[in-house]
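Have a look at the structure below before the remarks.
The values are calculated or read from the model by the stated rules, or taken from the named source; none is laboratory data. None of these values were measured; they are calculated from a predicted model. Counting neighbours? That spans all protein chains shown, and the Cβs are built from the backbone with ideal geometry, glycine included. Heavy atoms of the whole protein, side chains included, go into the accessibility calculation; ligands, DNA and RNA do not. Shrake-Rupley method; radii C 1.70, N 1.55, O 1.52, S 1.80 Å.
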Amino acid sequence: MSRVNTVWVLGETPESYASLCSVARRLGDTVEAVVLGSADAAQAVKGAGADAVLLAAKRDGALVEDCVATVAAAAAERKPDAILVATTKRMRLAAARIAASAHTRVVNDATRVWVDDGCLFAEHMVFGGSAYSIEKATSAPAVILLGDGLLLNEPPLEGDAPEAAVTELPAADAASGLKLIETKPRTVESVNLAAARRVVSVGRGIENEEDLQMINEFAQAIEAEVGCTRPIAEGVNWMSRERYIGVSGAMLKPDVFVAVGVSGQIQHMVGANTAKTIIAINKDKNAPVFKQADYGIVGDLYEVVPKLVAGLKA
Ligand SMILES: Cc1cc2nc3c(=O)[nH]c(=O)nc-3n(C[C@H](O)[C@H](O)[C@H](O)COP(=O)(O)OP(=O)(O)OC[C@H]3O[C@@H](n4cnc5c(N)ncnc54)[C@H](O)[C@@H]3O)c2cc1C
């Protein structure tokens, strides 16, 4: 048997369900989309590829997190074989609470999931990305957070998706001890590095914030998104947190990844080392990044990058 019976999928936004359902279809005979929040959100998920939509509705004054108790209670009763969760901060918390109430634990940031001989397996990175661990689910439900890399590379479902009916789950007592007072929008930079086909990543080789203009010009010339290493986003704060790549940031699988003034530490490179082509520019010929690069330019980025831009514009 190469499939299990029922797989639930859980995402933070309606858009995340299509790829979740596509992964779930490979694993289970029945796919059910679990939605936290409003009836509108559940309606938006109806055509995403699930056989049914289960709504854990949010009451007035409650937090979305409060709906997780409803999902955990429903999972105990309906016994899905697996719950696949699209990784976001909020969904990490939800997955942990569902797993805790099922007396199991979460597989984090899975890079691969499959069924063999009726058993679910998941692979994820360990030791800062220098090794993979493969885990087998020995009880149900298996609660698995799917990494961006897996979801973004999942081919869409073929054919028309079924129009799933929405069923509201019986509300469980949340008892979170928190009450929602107000919500207000915050300004975040909208960047989807994981979806970019070309990415230029800039590291501490860059000396001043203004010099990022040169990197932006280069990225524009090759139609790439700009990302960075963690010290650039969280040390000097020259770029937003959404732009840093690596084990604690964005995980990418672009066609081309250009590392500029990046040493190539595993914690960064693990976010990009599945790129089809890696190009490195570094003035230190012994920089570890060259061990992972398909093409390397040993040189000062302040000389190399302007020459590349000039050449590309010529
Ligand atoms: C638990 C943990 C998690 C982490 N997670 C992440 C993560 O998700 N993402 C991440 O990026 N980091 C992460 N880090 C940090 C990571 O270990 C490295 O410290 C970081 O990636 C190094 O950034 P860098 O390459 O920009 O800087 P450096 O290591 O300082 O390298 C700078 C490079 O620039 C080169 N250079 C300098 N001047 C020039 C020049 N003019 N021209 C060309 N080259 C030049 C130097 O030769 C050097 O190789 C994590 C660390 C820990 C401990």
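If you keep only loop residues by DSSP, which trypsin sites (Lys or Arg not before Pro) in the stretch 13-63 have at most 12 other Cβ atoms within 10 Å of their Cβ? Could the numbers behind the result be given before it?
Working: sites: 25, 26, 46, 58, 59; in loops: 46, 58, 59.
Here the sparse-neighbourhood loop sites are 59.
Could you tell me how far the Cα centroid of the stretch 159-219 sits from the Cα centroid of the stretch 68-89, in Å?
What the calculation gives is 22 Å, centre to centre.
Which GluC sites (Glu not before Pro) does the stretch 209-311 hold that lie in a coil by DSSP with at most 13 other beta carbons within 10 Å?
Sites meeting the loop and neighbour criteria: 223.
Can you send over the solvent-accessible area of residue 180, 1.4 Å probe, protein chains only, in Å² to the nearest 10?
60
Please give the solvent-accessible surface of residue 251 in Å², to the nearest 10, using a probe radius of 1.4 Å with every protein chain present.
50
Determine the dipole magnitude for the chain: charges of +1 sit on the beta-carbon of Lys and Arg, -1 on that of Asp and Glu, nothing else is charged, the reference point is the Cα centre, and the result goes in debye to the nearest 20.
Using Cβ point charges on Lys, Arg, Asp and Glu, the chain gives about 540 debye.
Please report, as a whole percent, how much of the solvent-accessible surface of the stretch 4-168 comes from carbon and sulfur atoms (probe radius 1.4 Å). It would help to have the intermediate numbers written out before the result.
Numbers: 3730 of 7370 Å².
Reported share for carbon and sulfur atoms: 51 percent.
For residue 104, what is the net charge nearby, where nearby means another residue's Cβ is under 13 Å from its Cβ and Lys, Arg count +1, Asp, Glu -1? Write down the numbers at each step before the final one.
Numbers: positive: 79, 97, 105, 136; negative: 81, 135.
After counting each charged neighbour, the total is +2.
Dividing the Cα radius of gyration by the Kirkwood radius, what Rg/Rh value follows for the chain?
So for the chain, dividing Rg by the Kirkwood Rh gives 1.03.
What does the charge add up to near residue 239, with Lys and Arg as +1, Asp and Glu as -1, over the other residues with Cβ less than 15 Å from its Cβ?
Result for the local shell: -4.
What per residue convex hull volume, in Å³, do the alpha-carbon atoms of the stretch 1-68 yield?
Roughly 70 Å³ of hull volume per residue.
Which GluC sites (Glu not before Pro) in the stretch 86-176 sit in a loop by DSSP (not H, G, I, E or B) and have at most 11 other Cβ atoms within 10 Å of their own Cβ?
The qualifying sites are 158, 163.
Net charge near residue 29: determine it from the other residues with C-beta under 13 Å of the C-beta of residue 29, scoring Lys and Arg +1 and Asp and Glu -1.
Net local charge, residue 29 excluded: 0.
Let me make sure I get this right: for the stretch 193-313, a, b and c are the square roots of the gyration tensor eigenvalues over alpha carbons, sorted descending. Under 1.5 in a/c it's rounded, otherwise prolate if a/b > b/c, else oblate. Which is it?
Cα axes put the stretch 193-313 in the rounded bin.
Highest first, please rank the peptides 2-10, 37-45 by the mean number of other Cβ atoms sitting within 10 Å of their residues.
The densest-packed peptide leads the list: 2-10, 37-45.
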